[in-house]
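Undergrad: Take this structure, written in structure tokens, and hold onto it; I'll ask about it next.
The values are calculated or read from the model by the stated rules, or taken from the named source; none is laboratory data. As the structure is a prediction and not an experimental result, all values here were calculated from the model. All Cβ positions, glycine included, derive from the backbone under ideal geometry; neighbour counts span all protein chains shown. For accessibility, only protein heavy atoms count, side chains too; no ligands or nucleic acids. Shrake-Rupley method; radii C 1.70, N 1.55, O 1.52, S 1.80 Å.
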Amino acid sequence: MGEIAKETIKVLEQYSPNEKVDILHWATNLTFETIGRIGFGYNFHLLDDRNAEVHPFIDAMSYCLKTSIQRFSQPSFMKRLPLERNRHFDRSVKLMHMMRISMIKL
């Protein structure tokens, strides 16, 4: 965990003193890196650089969390319609499932 802390400090040092830092973003990255590495031996590479891209797993999870409440209140037939938001949700769930399986196999 000391290595993760060092990487977090290193990436935050890339900001100038007068630059705004999105703490929620970095707390999320730190959380995922900690869980990924310590729990599963998986590196999301979220602390490699301040401009590191969001990992697809996190994108998928964020999308599913945002849309779950809306989907919960919809009639069930709406979830089966050939709409892009339903396809996006299904792709996101599939991606998270596949990532979970690959992390556990590591």
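Undergrad: Somewhere in segment 18-25, is a residue within 19 Å of Phe57 (Cβ to Cβ) and modelled with pLDDT under 95?
TA: yes
Undergrad: So Phe89 ticks every box in (1) touching a residue at least 24 places away in the same chain (Cβ under 8 Å); (2) among the hydrophobic types (A, V, I, L, M, F, W, C); (3) open to solvent by 50 Å² or more (accessible area, probe 1.4 Å) but one. Which box is left unticked?
TA: It is condition (3) that Phe89 fails.
Undergrad: So, one more: Here are some residues: His25, His45. Which one is surrounded by 11 or more Cβ atoms within 10 Å (Cβ to Cβ), out of contact with any helix residue (DSSP H, G or I) (no Cβ under 8 Å at 6 or more places or on another chain) and not in a helix (DSSP H, G or I)?
TA: Criteria check complete, one pass: His45.
Undergrad: Condition first: surrounded by 14 or more Cβ atoms within 10 Å (Cβ to Cβ) and either of a type in the set (Val, Ile, Thr) or in contact (Cβ under 8 Å) with a residue 40 or more places away in the chain (or both). Now tell me which residues in segment 57-86 satisfy that.
TA: Answer for segment 57-86, where residues must be surrounded by 14 or more Cβ atoms within 10 Å (Cβ to Cβ) and either of a type in the set (Val, Ile, Thr) or in contact (Cβ under 8 Å) with a residue 40 or more places away in the chain (or both): Phe57, Ile58, Thr67.
Undergrad: Still on this structure, I have one more. Please work out which one of (1) more than 19 Å from Glu7 (Cβ to Cβ); (2) touching a His at 6+ places or on another chain (Cβ under 8 Å) is the condition Leu46 fails and give its number.
TA: In the conditions (1) more than 19 Å from Glu7 (Cβ to Cβ); (2) touching a His at 6+ places or on another chain (Cβ under 8 Å), Leu46 misses (1) alone.
Undergrad: Still on this model: Every residue in segment 48-83 that is within 30 Å of Glu13 (Cα to Cα), among the β-branched types (Val, Ile, Thr) and in a helix (DSSP H, G or I), please.
TA: Ile58
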